[in-house]
Every structure is written in C-alpha cells, then in structure tokens.
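Participant: To start, I am sharing the structure in question, which I have written as structure tokens.
The values are calculated or read from the model by the stated rules, or taken from the named source; none is laboratory data. Just so it is clear, the model here is predicted, and its values are computed rather than measured. Note that we place each Cβ from the backbone using ideal geometry, even for glycine, and neighbour counts take in every protein chain shown. The protein model used for the area step is the full one, side chains on, heavy atoms only, and it has no ligands, DNA or RNA in it. Shrake-Rupley method; radii C 1.70, N 1.55, O 1.52, S 1.80 Å.
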Amino acid sequence: MPSTTRSSVWSTAGYASLSFDFWRDFTLDGGGRYNWEQKEMDFLLTNTAGTFPDDPNETWSQPTGTVRLTYRFREDTHVYWKYTRGWKPGTFNATSSTVQDPLTGIPHANIAIADPETIDAYETGVRGGWFEGRLGLDLSVFYYNYHDYQLFTAQQFAGGQPEFVILNADQAEVYGAELDAVLRPWLGAFLNVRFGWPESQFLDFVQLQQDIILVGNEQVTVNRELNNTGNPLLNSPKFKVSLTAEQTLPLGRWGALTARYDGVWTDTTFYDA
C-alpha cells in the first residue's frame, strides 16, 4: 500500500508584455514569462515484499511567450499571425509497483517522473463584424508541435496491477482550423455556428508494458513495446460542430419569451493511445 507522508510544490513566475502600433494599420504585441517550479515528496510503499521509501525532488524552469502581428484592413476587419511558446512542468507518479535497480538488482518504489512538456504553436486567422454587428466571423488555422507531450494513460509493471499515470510521448502534433460565425438576421434572432477540425497524431510514442510469464517452472519478466506512433491524440475528435439558435419575442410589460436550441455533433473520439 503506497502512502505519502509529505509533499510540496513551490512555483514562481515573472511576466512582461508590450504592445505598439507601427505604420497606420499594424500592431505588434506580445509578452514573455519566466516559469520556475520545484516539487518534492516523501513516499513510502509497503507491500508483501517489504517497505520501500523514496523522496523524489525535482526543479524545472523554462521561458515562455507570445508574439502577435495584427493588420487591420478597416475598423471592423483584421487578420493576425501569432506564435506561442508554451510549457508545462513535470510531475511525479506515485505508483504501488516496484522496479529493480539495473545495477544492484535491489527493488525500490516506482516513482515514474514525467518530464516537462513544451509546445510551439503557430496560428493565423481573420476576425470581423459587418452590417452593424449583424454578421460576425472568426476563422483561424493552426499548427501545434509538442515535445515530451504529457498524457494520462494506463501502465503496468511486472508484479503490479494496471495503474493510471502521466507519461511522455516524445513528439506529437496537432493542426487544423476553427470557425465561429454569428448571425443576427432580424430583431431578437440569434444564430451561432461553431466548427472545429483538429488533425492530431503521435509522431514518436512507444510505450513499455511488462508481463510475467512461466517458462517451465520459472517466472520470466517480458517487456512489451506498444507502438502508438501515428495514432491520434486522446480526446481529439477529427470534427466537431455545434449550433445555437435563439429567438426572443417581447411581451411588453410581461418581459420577453425566448426559445433556444442547442445542438452538438462530435466525431469519433479516442480515450486510449
């Protein structure tokens, strides 16, 4: 049975931003952030094989930021180009399984550490509102490149039960487009259509699982490699469409009556790598 006697997380960050107009129709803005985080934990695993203490302590830091260039065709229409560098700190997985030290052969608690995740995100799009606000449009295309992508998935080591942990996929990508359109054709009417197309895949993700099998009268630990490269990311449907339609009828001093319809369609979604 695993137990944690003490754990702590210390984090701090500094942020600065800047925006300025140059020429007449261009705006350049962005910001930078420096992130620092430290995690430590006192961990004790007790099972039929004995008691196994561990006290992982890790510190991570990384600069992140965003830069965006906006060009205004006119007051109600503009296009933009944006780059973002993102970061997520690492984490500990306090599992109930043990692993053997490859040098000494001595078992110890399995504190699997997920490395920090980074992302380079590129996006461009157009936004506008026309006909006195009766028609609005927000269209964007994007590309996300992940390194050490963190995902919540199942893992099993020899002699232990399957457990859910946070692991790293070496590299993953997501690209696609999003559309958000708003229409107000007459008084009290409102229509909002949202469309998303994210195409995702693991570019490099091989997961290790362990089994114990009998060879004659001897138990042998077998490592199995699960090659998930090329599979879509978790909870990343290829298409998603949502719709909201609304009509409000004024009732004078009695207020108003509103009829509303909401609908959502989501493509096949995978919850396992």
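Participant: Give the residues of the stretch 196-211 that are surrounded by fewer than 16 Cβ atoms within 10 Å (Cβ to Cβ) and under 27 Å from the mean Cα position of the chain (by Cα), sorted by residue number. Step through it out loud before you land on a result.
Facilitator: Keep residues of the stretch 196-211 that are surrounded by fewer than 16 Cβ atoms within 10 Å (Cβ to Cβ), which gives 199, 203-204, 206, 208-209, 211.
Answer for the stretch 196-211, where residues must be surrounded by fewer than 16 Cβ atoms within 10 Å (Cβ to Cβ) and under 27 Å from the mean Cα position of the chain (by Cα): 199, 203, 204, 206, 208, 209.
To keep it simple, each residue is scored yes or no on (1) in a loop (DSSP other than H, G, I, E, B); (2) at pLDDT 85 or above; (3) crowded, with 18+ Cβ neighbours inside 10 Å; (4) not hydrophobic (A, V, I, L, M, F, W, C).
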{"residue": "78", "(1), (2), (3), (4)": "no, yes, no, yes"}
{"residue": "81", "(1), (2), (3), (4)": "no, yes, no, no"}
{"residue": "85", "(1), (2), (3), (4)": "no, yes, no, yes"}
{"residue": "102", "(1), (2), (3), (4)": "yes, no, no, yes"}
{"residue": "109", "(1), (2), (3), (4)": "no, no, yes, no"}
{"residue": "129", "(1), (2), (3), (4)": "no, yes, no, yes"}
{"residue": "152", "(1), (2), (3), (4)": "no, yes, no, no"}
{"residue": "167", "(1), (2), (3), (4)": "no, yes, yes, no"}
{"residue": "186", "(1), (2), (3), (4)": "yes, yes, no, no"}
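Participant: Another question, then. Of (1) closer than 22 Å to residue 80 by Cβ; (2) crowded, with 17+ Cβ neighbours inside 10 Å, residue 138 satisfies all except one. Which?
Facilitator: (2)
Participant: Being modelled with pLDDT of 90 or more, hydrophobic (A, V, I, L, M, F, W, C) and closer than 20 Å to residue 140 by Cβ narrows it down to one of 249, 233, so name that one. Can you show your working first?
Facilitator: Values: 249 fails: closer than 20 Å to residue 140 by Cβ.
None of the other options fit; the residue is 233.
Participant: Would you check if residue 220 is open to solvent by less than 60 Å² (accessible area, probe 1.4 Å), among the hydrophobic types (A, V, I, L, M, F, W, C) and without any contact (Cβ under 8 Å) to a residue 40 or more places away in the chain?
Facilitator: Numbers: open to solvent by less than 60 Å² (accessible area, probe 1.4 Å): yes; among the hydrophobic types (A, V, I, L, M, F, W, C): yes; without any contact (Cβ under 8 Å) to a residue 40 or more places away in the chain: yes.
Answer is yes for this residue.
Participant: Which residues, taken from the stretch 154-165, are open to solvent by 70 Å² or more (accessible area, probe 1.4 Å) and either modelled with pLDDT of 95 or more or under 25 Å from the mean Cα position of the chain (by Cα) (or both)?
Facilitator: Within the stretch 154-165, the first condition is being open to solvent by 70 Å² or more (accessible area, probe 1.4 Å), and the residues that meet it are 159, 161-162, 164.
Correct list: 162, 164.
Participant: What's the number of the only condition in (1) closer than 30 Å to residue 256 by Cβ; (2) touching a strand residue (DSSP E or B) at 6+ places or on another chain (Cβ under 6 Å); (3) among the hydrophobic types (A, V, I, L, M, F, W, C); (4) open to solvent by 40 Å² or more (accessible area, probe 1.4 Å) that residue 182 fails to meet?
Facilitator: Only one criterion is unmet by residue 182, namely (4).
Participant: Further question: Check the stretch 9-31 and report whether any residue there is at pLDDT below 85, open to solvent by 50 Å² or more (accessible area, probe 1.4 Å), aromatic (Phe, Trp, Tyr) and assigned to a strand (DSSP E or B). Show your work before the answer.
Facilitator: Looking only at the stretch 9-31, we keep the residues that are at pLDDT below 85, and these are 22-24.
Narrowing the set further to residues that are open to solvent by 50 Å² or more (accessible area, probe 1.4 Å) leaves 22-24.
After this cut, where a residue has to be aromatic (Phe, Trp, Tyr) as well, the list is 22-23.
From what is left, the residues that are assigned to a strand (DSSP E or B) are 22.
Within the stretch 9-31 (the criterion being at pLDDT below 85, open to solvent by 50 Å² or more (accessible area, probe 1.4 Å), aromatic (Phe, Trp, Tyr) and assigned to a strand (DSSP E or B)), the answer is yes, since at least one residue qualifies.
Participant: Could I ask something else about it? Restricting to the stretch 223-262, give me the number of residues that are within 34 Å of the chain's Cα centre (by Cα), more than 26 Å from residue 164 (Cβ to Cβ), touching a residue at least 24 places away in the same chain (Cβ under 8 Å) and in a strand (DSSP E or B). Show your work before the answer.
Facilitator: Going residue by residue through the stretch 223-262, those that are within 34 Å of the chain's Cα centre (by Cα) are 223-246, 260-262.
Keeping just the survivors that are more than 26 Å from residue 164 (Cβ to Cβ) gives 239, 241-246, 260-262.
Okay, now just the ones that are also touching a residue at least 24 places away in the same chain (Cβ under 8 Å), so 239, 241-246.
Now restrict to residues that are in a strand (DSSP E or B): 241-246.
Result for the stretch 223-262: 6.
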